[in-house]
Ligand SMILES: [Zn+2]
C-alpha cells in the first residue's frame, strides 16, 4: 500500500523542474519494500524515457560476492497492460508500443543472512545490508555515459519494516533518496535495521554520516574518532575530502571475516568480526578505507598505488595522528614480512602481478605488500633528496590534480613516475627503477633506512610477528 502511494506521488515532484522550453528529463523512480521475514526485497519501478523503442535494463551481477538474485520481473505500461519482457543473460528487454512510461517490478532474493564481507549482501529479521549494484535492475549507466546521454533523474524510496532505520550513501530529501545519476544509483551501500546508532557530524568541511550496529570491545565514539582523524589528516595532506558527504556503515559480520571497502565515490562499508578490537590493525584498515576517497575514488590508477601506497599513507598518517612513529614501523615491518612470504615476489613486478590477475587476500599480493613498501621507499627517497623539504605527499597531491581534470579520473603509471621524480630527483628515479620497474628482492637494510628517513628514528624488525589477519579489502576498488 505504502509502495503504491509513493509511486503515485513521485512523478508530481519530478515534473516541477521541467520549466518552459526545457525538455523534460527522463525519470526513474523506485520503491523498495524490505521484507525480512521472507528474506527478500520487493522492488517496484516507474521509468519514463522519451526515446522510442525497446527499453533495456541490466540486472545485478549474479556471480561474485553479491549474493542476490532477481525473480519474477514483469512489466506493464502506464495503464497496467502487460508488456513482454525478454530475459537474456544479464539483461531484460521490454518491448512497448509507445513511450514514455514503463512500470516494472521484481523480487530480490538474498542468499545470506550475514554478509560475507563489505561487498556482499545479507537480509534477515535483524538487518539488511547490500551494495546497490546487487539490488537494482536499471538502465545501464555505462551505456548512457558512452552515448553522452543524461541518465534519468533517479529517486529511491525505501520502505523498511516499522521501526527500522535506513542508511544509504545517497543524499536524502523529504524521505526520498536522490542518487545523482546511474553510477550513483548502483555505486553505494544501503542498510537498514531497527538498532542502527546513527551519528551525523561535520568533519573536515563535509558531512560524515556513521551508522553502527552491534557491540564490540570499543565504543562508538572511538570508531568515530578514528574515522574523523582519517578524514582530517587526508584533507590536510591531499586537499579537501573529494565528496561533500560520506557515509560509513559498520556492522557485525561472521567470525574470521573482516572487510572494508569504498563503494562508488562516497560510501564506506565496514563489516567486522563480532570480537574485533580497535587496535592498530583495525585503525589502520579504517584509515586505509577513508583514504580510498582520494585514491580509488577521486583518482584511479595502478592497483599498487591505490592499494599499496594508500596502505603506506594510511599507516603514516595514523602514526602521525597518534604521535607514535613506532606504529608506522610496526606496520611496515609486518608488510615486509608478508612480502618475503609471497612466492612470486621476485618473479613479477607489481603491475605484472595485477595484469596476471593473481588471486589472494591483502597479505598475499604484491600490489598490497610491496606496494606499501614502495610508498615507504619512494617517500624516503624524496625526503632524502630534498633534505626533508618535499615528501611523497607532494607527488600524490599533484596526481590528484591531474585526475580531477579528467572524466575517467585515471592517471597512468608513467605519470606517477613523473610526479615522483619531479619531487625527488635522481634518488627517487633510482628507487622507482628498483622497486616499481624491477622485481629484485627488497632488503631489510633498505626498509630500516627508509623508516629512518621518514621518522628520524631507527626501528629494527620485531623478532617475532604474528601473521596479520587478512583484511578482505574490496578487491574491486
Ligand atoms: Zn583498499
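Brief remarks on what is shown
- Helix axis angle, 310-322 relative to the chain longest principal axis, alpha carbon, degrees: 70
- Radius ratio Rg over Rh of the chain, counting only Cα atoms, Kirkwood formula for Rh: 1.01
- Evaluated over segment 172-276, the Cα radius of gyration and Dmax, each in Å: 14.1, 40
- Alpha-carbon centroid distance for the pair segment 303-368 / segment 393-421, whole angstrom: 20
- Sorting 435-444, 245-254 by average packing, meaning the other beta carbons within 10 Å per residue, from highest down gives 245-254, 435-444.
- Cα pair distances exceeding 21 angstrom across segment 253-392, given as percent: 45
- The chain - mean residue ellipticity at 222 nm from DSSP helices (-39,500 (n - 2.57) per run, n ≥ 4, rounded to 500): -10500 deg cm²/dmol
- Distance distribution P(r), segment 67-172, all Cα-Cα pairs, bin width 10 angstrom from 0: 11, 35, 37, 16, 1 percent.
- Using alpha-carbon coordinates, inclination of helix 366-385 to the longest axis of the chain, degrees: 50
- Cα-Cα P(r), segment 308-357, percent of pairs per 10 Å interval: 24, 41, 26, 9
- For the chain, the longest principal axis of the alpha carbon atoms and the long axis of helix 392-404 meet at an angle near 30°.
- Residues in segment 141-156 reached by a label modelled at residue 54 [backbone nitrogen below 19 Å; 7 Å Cα→Cβ]: 141-144, 147
- Centre separation in Å (Cα based) which lies between segment 39-86 and segment 199-259: 34
- Full extension of the segment from residue 201 to residue 361, taken as 0.36 nm per residue of separation minus the current Cα-Cα distance, would add 54.3 nm.
- Model label zone, residue 37; criterion: amide N under 20 Å from point 7 Å along Cα-to-beta-carbon; scope segment 117-141: 123-129
- Taking the empirical scaling 2.2 N^0.38 Å for compact globular proteins as reference, segment 342-413 has a Cα radius of gyration ratio of 1.32.
- Expected-Rg normalisation [2.2 N^0.38 Å, Cα atoms] applied to segment 199-455: 0.97
- Taking segment 233-247 and a reference point 7 angstrom along Cα→Cβ of residue 404, the backbone N atoms nearer than 16 Å belong to 234-245.
Bear in mind that the values in this text are calculations on the coordinates, not laboratory data. This structure is a prediction, so every number in the text was calculated from the model and none was measured. Positions of Cβ are generated from backbone atoms using ideal geometry, with glycine treated the same way; all protein chains shown enter the neighbour counts.
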